[in-house]
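Colleague: Have a look at the structure that comes next, please.
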Amino acid sequence: MASTNDFAQQIDAIEQTGVVVMRDITRLGTYNEDIVCPYLTLILNVQGEATALYNMQESTQKVNQLACIMPGHILRPLGSSDDYQAVMVMLSTRAHRDLRIHSFSHDYNKFNESPFCTLKPEQAQRMLQFADHIESIARHSEEELPHRYQMLLALLAIGYECINFYRREQDNQLTPTRQTELLNRFCDLVVAHYRESREATFYADLLHLTPKHFSRVIRSATNGLSPNDWIEQYVIAQAKHLMDTQPTLTIQETAYRLGFNESASFCRFFKRLTGLTPKTYKFLPVAS
């Protein structure tokens with residue numbers, strides 16, 4: 001998320017090592033461009049502040065705040081202060097799955113309701129120490145350090161339990177509205193089913209809501225964005241992510257991975273929403 005190019009370079013490393021630690025992050029990505037990260041991403045702000053839309057709701061991350069960005073959800077960086085600096089930890093799909101199995105606390109949905117955990121200075125320092133230990137272990141191969149993955153998983157589980165402990169007071173004060181809960185459930189459903197359907201009525205049915213009520217709730221929660229708008233923005237973000245991180249994929253392969261039956265319909269969809277053809281987008285200069 002430091003930049004499109006930086007993130008693309010980390011994909012192989014994440015899959016190979018299970019965890020990647022990125023330091024000295026000075027921006028979360030290209031401003032006003034949606035990012036869909038397939039990995040559980042922890043971002044600890046150590047200096048300055050950054051503003052972004054998370055699932056189309058605006059938030060500002062301040063010093064000593066830890067953001068937990070769930071896999072597949074939309075993050076749109078809006079800006080950051082000149083002195084912004086953060087440390088980022090990304091978990092592979094396998095590591096995230098195994099962490100969920102081995103953690104004592106399983107309520108991950110609260111990070112959709114409130115992705116930030118405000119830490120005390122000493123707690124933030126402890127999280128940085130966890131990142132140091134994780135990075136040190138992740139650098140080794142299984143041959144160099146037998147049971148390295150189990151050691152990483154144990155550290156991640158301990159770190160996650162610490163975060164839950166630090167969030168305890170915040171969670172007790174958190175009273176999500178029915179509107180926020182429905183938006184979060186909708187976001188999760190889009191992450192799971194966007195290849196299957198891009199129609200708002202499909203998600204309204206899954207949520208047992210009438211299309212009219214569903215549209216009203218989502219528009220209210222996202223400052224006027226309709227469910228179809230949200231779904232389309234999500235699919236476009238996924239399309240850009242695929243083309244940025246897997247440039248060898250053909251347009252047809254990209255279309256199929258996104259759930260389109262043919263490349264022509266994908267190209268029309270992409271151009272309608274971005275003003276560019278997928279081919280033109282693939283050859284744009286890489287964002288820095």
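Taken together, the values in this text are just the output of simple stated rules run on the coordinates, not laboratory data. Worth saying up front: this structure is predicted, and the values here are computed from it rather than measured. We place every Cβ from the backbone using ideal geometry, glycine too, and count neighbours over all the protein chains shown.
Colleague: Once phi is turned into ³J(HN,Hα) by the Karplus curve 6.51 cos²θ - 1.76 cosθ + 1.60 with θ = phi - 60°, what whole-Hz value does each residue of the range 132-140 show in order, with x for glycine and proline?
Modeller: Calculated HN-Hα couplings, in order: 4, 5, 4, 4, 4, 6, 4, 5, 8 Hz.
Colleague: Please give the FRET efficiency for L78 paired with R195, using the beta carbon to beta carbon distance and R0 = 30 Å, rounded to the nearest 0.05.
Modeller: Using R0 = 30 Å, I get an efficiency of 0.60.
Colleague: Using Cα pairs under 8 angstrom and six or more residues apart, how large is the relative contact order of the range 4-173, in percent?
Modeller: Reported as a whole number, the value is 25 percent.
Colleague: Still on this structure, please answer the following. Using a Gaussian network model on the chain with a 10 Å cutoff between Cα atoms, which of H193, H241, H73 fluctuates the most?
Modeller: Maximum fluctuation in the GNM of the chain, among the listed residues, is at H193.
Colleague: Rounded to the nearest 500, what is the 222 nm mean residue ellipticity of the chain from helices alone, with -39500 (n - 2.57) per DSSP H run of 4+ residues and division by all residues?
Modeller: Roughly -15500 deg cm²/dmol at 222 nm, from the helical runs in the chain.
Colleague: Gain in length, E143 to D188, computed as 0.36 nm per residue apart minus the alpha-carbon separation, to one decimal in nm?
Modeller: The span from E143 to D188 would gain 12.4 nm if fully extended.
Colleague: Over the Cα atoms of the range 12-82, compute the convex hull volume and normalise it per residue, giving Å³.
Modeller: With only Cα atoms used, the range 12-82 gives 90 Å³ per residue.
Colleague: Suppose we keep just the alpha-carbon trace of the chain; what are its Rg and Dmax in angstrom?
Modeller: Radius of gyration, then largest Cα-Cα span, for the chain: 19.2, 59 Å.
Colleague: Once the piece of chain linking D205 and A13 is laid out straight, how much longer is it, given 0.36 nm per residue of separation minus the C-alpha distance between them?
Modeller: Full extension of this stretch gives 65.2 nm more.
Colleague: Roughly speaking, what is the stretch gain from E33 to S226, that is 0.36 nm per residue apart minus the C-alpha to C-alpha distance, in nm to one decimal?
Modeller: Value of the extension gain: 67.6 nm.
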